[in-house]
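Here is the structure we will look at, set down as structure tokens.
Just so it is clear, none of the values below were taken in a lab; they were calculated from the coordinates. This is a predicted model, so every value here is computed, not measured. Every residue, glycine among them, receives a Cβ derived from its backbone with ideal geometry; neighbour counts consider all protein chains shown.
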Amino acid sequence: MENLFTVTVTVNGRQYERAIEPRLLLSDFLRHELGLTGTHVGCEHGVCGACTILFDGQPVRSCIMLAVQANGHEIQTVENLALDAKPENLHPLQVGFWEAHGLQCGFCTPGFLMTLLPFLEEHPDPSEEEIREAISGNLCRCTGYQNIVDAVKLAAGKMQETQAGPGGAA
Amino acid sequence: MKPPPFEYFAPTTIEEALDLLDEHGWDAKPLAGGQSLIPTLNFRLAQPAVLVDLNNISDLFYVRPGINGSVRIGAMARHSQVERDALIAERVPLVHEAIPLIAHAQIRNRGTFGGSLAHNDPAAELPAVTLALDGRLRVRSLSRERWVPAGEFFLGLFATALEPDELLVEVEVPALPPRSGWAIREMARRPGDFALLGVTAVITLDDENECQAARLVFFSTGGEDPTDARQAAEVLIGEAPTPDVIRATAETAASEDIDPTGDIHASAEYRRHLAKVLACQALEQALERVTTGALY
């Protein structure tokens, strides 16, 4: 039996304390221990980007981090984007994806959104080349990326219009 | 796709980490950024009994000026930190230019300079760059400290001069001499993928515009990289770097210095072709940077 480690992690502004095995991946911690299943698990070896979260404000892949390493750190997941489930309360980034048809099955979308949130804050008016570079670490098997690029352009404009945005993370 | 069980330690000082490595030896594995190690654990390609997590050792995360224009990089400086560091951009611009070629932003936010060198993936950029710039690596164990020149540190596929009780704590990258130029070139199918082949070039000219020093280091050739193309460098050293000489240098590198292998991504023949083309481009750009004085 492995030793359990007690970790305290702030996720989407709320503090959680759990006793966990050190080998537990951060992605599984979010999904199974905290029930935050918005973070998706695709490849589980750091290639597909579906599990991207913000760790202390920076996008990282939660499937190649240990949950125990998040002790004392702050995490944002896709659940933090919209205020609630009402369409009018979606984050402008989500509205951009919706309106430009930036998703089909939606599996990869949480990873794209969490990758793009800090990117658009740093690049409020990105070029297509910058957008393509920014999403190069996220795989999508449905869209062929063109609609995602369009969605990012649309979202960039929307985010500039609503600086504060309705969501908690904006 | 879950890591096997291991004993986990998260020391907050270098000394504590060295104690743990001393105690557990081959059973222990230091955990730096984890961007290679954790996938390896997920696949269960490695099952270390003990993980010594370095992420809480605040003394290892830095970029500092060294003597004579050099830069000292703490082993746990993250790629994204090095990428944005003004001192790196000013003093060792080759490093600055190489970092964005490493994987994606998500990976660079966790991956570390020292971790990349200690892992010595043959497809990685930083071992090649550190070798081309003649960096030195400071290595500590409980009982001793030593500086290892990059040329003696990288020993082959995923192999380095590190003993099981040793930890890489710092890398010193010297400034280039005046009248030097540098470049890095790679071919990858998508931005952020491991390169099909890459090369970095560093050249220094003398007062007569002849090549005084030259370094051409390849990575991702499918062999035991980083590969220091010494025969190619000999073609260039002492010569005026005319287009003919540069072509001959690149051809020598591609035919004599590297021994590419083929895989599903690229045939050996294609890698040899890439080596010649990319070496030419890298040397031309390095030369351009000398003559236009755009170095610093």
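State, to one decimal in nm, how far the label point of residue A:74 lies from the label point of residue B:277, with both points 7 Å from Cα in the Cβ direction.
With each label placed 7 Å out from Cα toward Cβ, I get 4.7 nm.
Peptide A:62-68: average number of partner chain Cβ atoms within 10 Å per residue?
Per-residue shielding by partner chains comes out at 6.
Two decimals, Cα atoms only, Kirkwood Rh: what is Rg/Rh over the protein assembly as shown?
Values: Rg = 23.2 Å, Rh = 23.4 Å.
Computed over Cα atoms, the ratio is 0.99.
Considering the alpha-carbon set of chain B alone, what are its Rg and its Dmax in angstrom?
19.2, 62
So, R0 is 45 Å and r is the distance between the beta-carbons of residue B:256 and residue B:27; what FRET efficiency does that work out to, to 0.05?
Computed FRET efficiency for residue B:256 and residue B:27: 0.60.
Please report the Cα spread of the range B:161-296 along all three principal axes, rounded to whole Å, starting with the longest.
44, 40, 28
Take the Cα radius of gyration of chain A and divide it by 2.2 N^0.38 Å, with N its residue count; two decimals is plenty. The partial results should precede the final answer.
Numbers: Rg = 15.9 Å, N = 170, 2.2 N^0.38 = 15.5 Å.
Here the answer is 1.03, to two decimals.
Please compute the alpha carbon radius of gyration of the range B:63-173, then divide it by the globular-protein estimate 2.2 N^0.38 Å. Two decimals is fine.
With N residues counted in the range B:63-173, Rg over 2.2 N^0.38 Å equals 0.99.
Counting only other residues whose beta carbon sits under 11 Å from that of residue B:26, what net charge do I get with K and R as +1, D and E as -1?
Values: positive: B:29; negative: B:27, B:163, B:165.
Charge balance in the 11 Å sphere: -2.
Quick one: compute the contact order of chain B, relative version, from alpha carbon pairs under 8 angstrom and 6+ residues apart, as a percent. Working shown, then result.
Numbers: 690 pairs, mean separation 45.4, N = 296.
The normalised contact order for chain B reaches 15 percent.
Given N residues in the range A:1-99, what is Rg(Cα) / (2.2 N^0.38 Å)?
In units of the 2.2 N^0.38 Å rule of thumb, it is 1.12.
Inside 10 Å of the C-beta atoms of A:48-60, what's the mean count of C-beta atoms belonging to other chains?
On the way: counts 0, 3, 0, 1, 3, 1, 1, 3, 1, 1, 7, 7, 10.
Going residue by residue through A:48-60 and averaging, the value is 3.
How far, in degrees from 0 to 90, does helix A:146-161 lean away from the longest principal axis of the Cα atoms of chain A, to the nearest 10?
90 degrees
Any idea what the dipole of the range B:90-196 comes to, in debye rounded to 20, about its Cα centre with Lys/Arg Cβ at +1 and Asp/Glu Cβ at -1?
That gives the range B:90-196 a dipole magnitude of about 240 debye.
Across peptide B:34-43, how many C-beta atoms of other chains are within 10 Å of each residue C-beta, on average?
On the way: counts 7, 5, 2, 1, 12, 8, 2, 5, 8, 2.
Mean shielding by partner chains, rounded to a whole number: 5.
Using label points projected 7 Å from each Cα along Cα→Cβ, tell me how many nm separate residue B:234 and residue A:89, to one decimal.
Spacing of the two 7 Å Cα→Cβ label points: 7.4 nm.
Which trypsin sites (Lys or Arg not before Pro) from the range B:93-167 combine a DSSP loop assignment with at most 10 other Cβ atoms within 10 Å? Each step should come with its number before you reach the end.
Values: sites: B:108, B:110, B:136, B:138, B:140, B:144, B:146; in loops: B:110, B:144.
Within the range B:93-167, the qualifying trypsin sites (Lys or Arg not before Pro) (loop, at most 10 other Cβ atoms within 10 Å) are B:144.
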